[in-house]
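Peer 1: Quick one: structure below, then a few questions.
Each reported figure results from applying straightforward, stated rules to the coordinates on display, with no laboratory input. The shown structure was predicted, so the numbers you read here are calculated from the model rather than taken from an experiment. Neighbour counts run over all protein chains shown; Cβ positions are idealised from the backbone, glycine included.
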Amino acid sequence: MVYITGDIHGSLEPIYDLYERFSPSENDIVVILGDVGVNYTGTLQDIGIKRAMSKLGSTFFCIHGNHENRPQNIASYKEKEWNGGRVMYEDEFPNILFPVDGDIFELEGKKCVVIGGAYSVDKFYRLSRGMKWWPDEQPSPEIKKYVEKQLDEKEIYVVFSHTCPAKYIPTECFLSGIDQSKVDNSTEEWLDTIEDKVNYEAWYLRHWHTDKRIDKLHFLFHGVETL
């Protein structure tokens, strides 16, 4: 079984709640749609969360968000093939996987593409207080080109992303005090072009802190769905 849920931001409570409700086994996969928070502080806090998740036994398939460092930037991560695509992992936590953006994975017989990243509206707040922020939080031109090439060549049934195409941005989720004219929506605008060209069955995403459905897009915050 493949379970799908939203960001956890380094909190184990949503994961424990998922396990209490659904009891995933070691053979099951839990997709976390970005901002997992296990590569955020670079300290023992990250390791503690990873150890707790590792003990749960299931495979965690963690999309890249915007409140975490890319595993490609962390020396302890290695790359391997998994279910048709490439994932980053650490020897100590082999069940916590970060898929490479643009790669296509086969889960329960369905071809699933992964497109991580988004802009942090709290970027300047974090920088002004010495908190972590990473300039490669959004997909680079190289990643975008790779995603487009993949989608030109292969049929896709499911999209896993962190944010949504621009046409679906839930404006009711805008944070007060944020000047939206200064928000970089380039990833969402690019995802508009991706959404137009892919005949998908379902698109799962997070980022916007809401549980809702718009057409075939599933916004997941506290919600849990199965593939």
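Peer 1: Between Ile47 and His222, what's the calculated FRET efficiency when r is the beta-carbon distance and R0 is 41 Å? Round to 0.05. Don't skip to the end; give the middle numbers.
Peer 2: Values: r = 26 Å, r/R0 = 0.63.
Working from the Cβ atoms, E equals 0.95.
Peer 1: Who wins for biggest fluctuation among Gln138, Gln45, Gln180 in a Gaussian network model of the chain, springs between alpha carbons below 10 Å?
Peer 2: Maximum among the listed residues: Gln180.
Peer 1: Also, I was wondering about something else. May I ask which of Lys78/Lys144; Lys111/Lys145; Lys111/Lys132; Lys132/Lys216; Lys132/Lys167 have a Cα-Cα span longer than 24 Å here?
Peer 2: Numbers: Lys78/Lys144 22 Å; Lys111/Lys145 19 Å; Lys111/Lys132 34 Å; Lys132/Lys216 34 Å; Lys132/Lys167 30 Å.
Cα-Cα > 24 Å for Lys111/Lys132; Lys132/Lys216; Lys132/Lys167; rest within.
Peer 1: Any idea what the dipole of region 2-226 comes to, in debye rounded to 20, about its Cα centre with Lys/Arg Cβ at +1 and Asp/Glu Cβ at -1?
Peer 2: Values: 25 positive and 38 negative charges, 73 e Å.
Value, rounded to 20: 360 debye.
Peer 1: While we're here: List the aspartates and glutamates whose alpha-carbon lies under 16 Å from that of Lys212, not counting same-chain residues fewer than 8 positions away?
Peer 2: Output for Lys212: Asp7, Glu172, Glu225.
Peer 1: Right, next: How many nm is it between the label spots at Glu13 and Glu153, if each spot is 7 Å from the Cα in line with the beta carbon?
Peer 2: It is 4.4 nm.
Peer 1: Just going by the charge dipole of the chain, with Lys and Arg at +1 and Asp and Glu at -1 on Cβ, which of Leu107, Ile8, Gly48 is farthest out on the positive end?
Peer 2: So the residue we want is Gly48.
Peer 1: Looking at His67, Val198, Tyr168, which one has the Cα that reaches farthest to the positive end of the dipole of region 2-226 (charges on Cβ: Lys, Arg +1; Asp, Glu -1)?
Peer 2: Towards the positive end, the residue furthest out is His67.
Peer 1: Given a cut-off of under 8 Å on Cα pairs at least six residues apart, what relative contact order in percent is computed for the chain?
Peer 2: 21 percent
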